[in-house]
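Participant: One structure, as structure tokens, below. Some questions next.
Taken together, the values in this text are just the output of simple stated rules run on the coordinates, not laboratory data. All of these numbers come straight from a predicted model, not from anything done at the bench. Ideal geometry is used to build each Cβ from the backbone, glycine not excepted, and the neighbour counts take in all protein chains shown.
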Amino acid sequence: MKTSEQLLHVALQHFAEHGYEGASLARMADEVGIKKASIYNHYQNKDALFFSAVEYVYEAYLNYLKSSLETNKSLPTEDRLYMILEDLSHYLSTETEGKFYFHFILFPPPALEKNVHAQFLQFEKECDKLLAPLFQTLHNKHAHQTTVRERLDAFYCLLDGLATQMSYYDKETCDRKRQSSWKHFIAGFM
């Protein structure tokens, strides 16, 4: 693995665990086995390393979503969406990339907030492109007064809520909450 890739993976862990302010370039460099000054051979500054981590996380999330879509493509639309919800809520609550994502969407560094938000909006558009066809299928199947946009918005809120719940509860409780939430969510489309 290239030094820049090692730095990125170590930075991701440090940003996820310690936040932007608490993440130390010196500790990252030490963990990779280089001097702090050598970081600047790969990244202009801490902000550039952080934004590389943001881009990496968005790409990893999109790849995870694509994988879930592919894995579950033979299922009926409702079941496929449920499995995607399950996969993504698990990903957001357990994987380093997911924890980073959640932390920095909710609490971006104040000086970088505008750029993080702009990147997030672009990322969400990419998610929309992947998920909208499923919600369009539901819309066509069950004539209803909600739009595909409204369904996507509701799905994202459900997903974020479930990922947060997974930080508080054991697996059995989370499974029950996900099933209960899904039952009411999907009933709104019928």
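Participant: What's the number of the only condition in (1) within 30 Å of Asn45 (Cα to Cα); (2) surrounded by 15 or more Cβ atoms within 10 Å (Cβ to Cβ); (3) touching a residue at least 40 places away in the same chain (Cβ under 8 Å) that Glu95 fails to meet?
Facilitator: Of the numbered conditions (1) within 30 Å of Asn45 (Cα to Cα); (2) surrounded by 15 or more Cβ atoms within 10 Å (Cβ to Cβ); (3) touching a residue at least 40 places away in the same chain (Cβ under 8 Å), the odd one out for Glu95 is (3).
Participant: With the condition being under 30 Å from Pro133 (Cβ atoms), I'd like the helices (runs of 4 or more DSSP H) fully within the range 1-76 carrying at least 3 qualifying residues.
Facilitator: It comes to 46-71.
Participant: Of Phe185, Phe189, Phe104, which residue is out of contact with any strand residue (DSSP E or B) (no Cβ under 8 Å at 6 or more places or on another chain), of a type in the set (A, V, I, L, M, F, W, C) and part of a loop (DSSP other than H, G, I, E, B)?
Facilitator: After applying the criteria, what remains is Phe189.
Participant: Taking into account only those residues within the range 98-119 that are in contact (Cβ under 8 Å) with a residue 40 or more places away in the chain and within 12 Å of the chain's Cα centre (by Cα), which is surrounded by the fewest Cβ atoms within 10 Å (Cβ to Cβ)?
Facilitator: So the residue we want is His103.
Participant: Anything in the range 132-190 that is loosely packed, with under 13 Cβ neighbours inside 10 Å and touching a His at 6+ places or on another chain (Cβ under 9 Å)? List them, or say none.
Facilitator: Residues satisfying the conditions are Thr147, Gly188, Met190.
Participant: Quick one: what pairs do we get from the range 159-181, first residue without any contact (Cβ under 8 Å) to a residue 40 or more places away in the chain, second acidic (Asp, Glu), C-beta under 9 Å, 6+ apart or different chains?
Facilitator: From the range 159-181, the pairs are Asp175/Glu86.
Participant: Being β-branched (Val, Ile, Thr), without any contact (Cβ under 8 Å) to a residue 40 or more places away in the chain and either touching a Phe, Trp or Tyr at 6+ places or on another chain (Cβ under 7 Å) or within 20 Å of Thr77 (Cβ to Cβ) (or both): is that true of Thr147 here?
Facilitator: Spelling it out, Thr147 is indeed β-branched (Val, Ile, Thr), without any contact (Cβ under 8 Å) to a residue 40 or more places away in the chain and either touching a Phe, Trp or Tyr at 6+ places or on another chain (Cβ under 7 Å) or within 20 Å of Thr77 (Cβ to Cβ) (or both).
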